[in-house]
Structure formats: C-alpha cells, structure tokens
Amino acid sequence: MRFHLIDRILEVDAGKKIRIVKNLSLAEEYLADHFPGFPVMPGVLMLETLVEAGAWLLRISDDFRHSVIALRDARNVKYGSFMEPGKTLEATVDLEKIDTSGGEVSFRGKGECDGQATVSARFTVARYNLADRDPALEAVDRRLVAHWRRVYTSIR
C-alpha cells in the first residue's frame with residue numbers, strides 16, 4: 001500500500017517551514033481495520049503525514065534535486081486527540097538542521113485538529129539519488145522526480 005497523505009499545501013517558506021492539510025475520509029481503506037466500530041487515523045500515519053510534509057519542504061526548497069527522501073529516525077513523538085473521519089489535520093513542519101556531509105535533514109513538526117494537538121515529533125530524513133549508489137539507476141531517478149513534480153501540481 002502506498003500513502004499520499006497530504007491533500008493540500010497551504011504555505012511554504014522554502015528552506016524553513018511548510019503548512020499542510022490532510023482531510024480524513026471514511027473511504028480510506030485502513031480505517032476499516034483501525035478500529036472496527038471506532039475508525040480513527042493510526043498514530044503512525046499521523047507521524048507519516050509530518051514526514052511527508054518535511055519531504056515536500058525539501059523537494060520544493062531543492063527544486064526536486066533528490067529522488068528519494070526516506071525517514072531515518074523519529075524522536076519525542078507525542079499523540080494527543082484522535083483523528084476521526086470528517087476531520088482535518090493541519091500540520092506545520094519546520095526545518096531545523098541540514099547535515100551537508102551525510103545528506104540528513106532534521107525537522108520539528110506538529111499537527112492539530114480543531115485546535116487540539118494530535119501529533120508532534122522531531123524527525124530526521126535522508127535524501128539522495130539512486131544513481132549516487134548505482135549509476136545504472138539514473139533513469140529511475142528521473143522517473144521518480146517526474147512523478148513527484150506531477151504530484152506537486154495537484155496539491156499546491
């Protein structure tokens with residue numbers, strides 16, 4: 001299963017901050033299992049929403065220079081109120097630090113629903129191109145970057 005959890009980018013301050021929204025619909029397939037009779041967005045997907053927002057901030061700030069942005073670690077993850085279908089998660093992610101030697105980037109993010117905290121975390125992502133590790137994958141990098149550019153046109 002592949003997730004694209006961000007519905008709209010509200011604001012971007014390149015290299016600094018991004019604000020996004022995620023509208024939770026009862027039609028999302030994972031809600032059938034989490035929890036039956038009491039559907040709520042899983043905490044790990046709330047965290048993933050923050051990570052995706054950080055990835056979009058990097059893509060936009062770097063003009064889509066890296067094809068892969070992957071979660072390296074998450075710290076101080078805290079969950080607040082439940083996210084139920086029909087609700088909107090509004091999240092803000094701030095870029096905290098760029099490690100130029102290893103390609104890692106650190107963020108601080110928080111999400112709210114109706115003014116109530118739903119998730120907050122500090123997390124680090126790695127960014128790279130597949131061709132950096134295997135030059136034969138340069139075409140895959142180009143396809144991935146083209147894909148992310150197409151997705152961006154639908155959420156900005």
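Summed over region 25-56, residues that are in contact with a strand residue (DSSP E or B) (Cβ under 7 Å, 6 or more places away or on another chain), hydrophobic (A, V, I, L, M, F, W, C) and over 20 Å from residue 156 (Cβ atoms) total 2. Do we find that residue 74 is under 15 Å from the mean Cα position of the chain (by Cα) and crowded, with 20+ Cβ neighbours inside 10 Å in this structure? No: the conditions fail for residue 74.
Against the criterion of being open to solvent by 80 Å² or more (accessible area, probe 1.4 Å) and either in contact with a strand residue (DSSP E or B) (Cβ under 7 Å, 6 or more places away or on another chain) or within 28 Å of residue 141 (Cα to Cα) (or both), residue 65 qualifies.
Taking the criterion of being in contact with a Gly (Cβ under 7 Å, 6 or more places away or on another chain) and either among the acidic types (Asp, Glu) or open to solvent by 20 Å² or more (accessible area, probe 1.4 Å) (or both), the residues of region 104-119 that qualify are 116, 117. Of all residues in region 88-103, those that are out of contact with any Phe, Trp or Tyr (no Cβ under 9 Å at 6 or more places or on another chain), open to solvent by 60 Å² or more (accessible area, probe 1.4 Å) and either within 20 Å of residue 11 (Cα to Cα) or in a strand (DSSP E or B) (or both) total 2. Filtering region 4-56 to residues that are closer than 23 Å to residue 150 by Cα, among the aliphatic types (A, V, I, L, M) and open to solvent by less than 40 Å² (accessible area, probe 1.4 Å) leaves 5, 6, 9, 18, 20, 21, 24, 45, 50, 51, 53, 55.
The values are calculated or read from the model by the stated rules, or taken from the named source; none is laboratory data. No experiment lies behind these values; they were computed from the predicted model shown. Here Cβ is always computed from backbone atoms with ideal geometry, including for glycine, and neighbour counts include all displayed protein chains. Side chains are part of the model used for accessible areas, which takes the heavy atoms of the whole protein and leaves out ligands, DNA and RNA. Shrake-Rupley method; radii C 1.70, N 1.55, O 1.52, S 1.80 Å.
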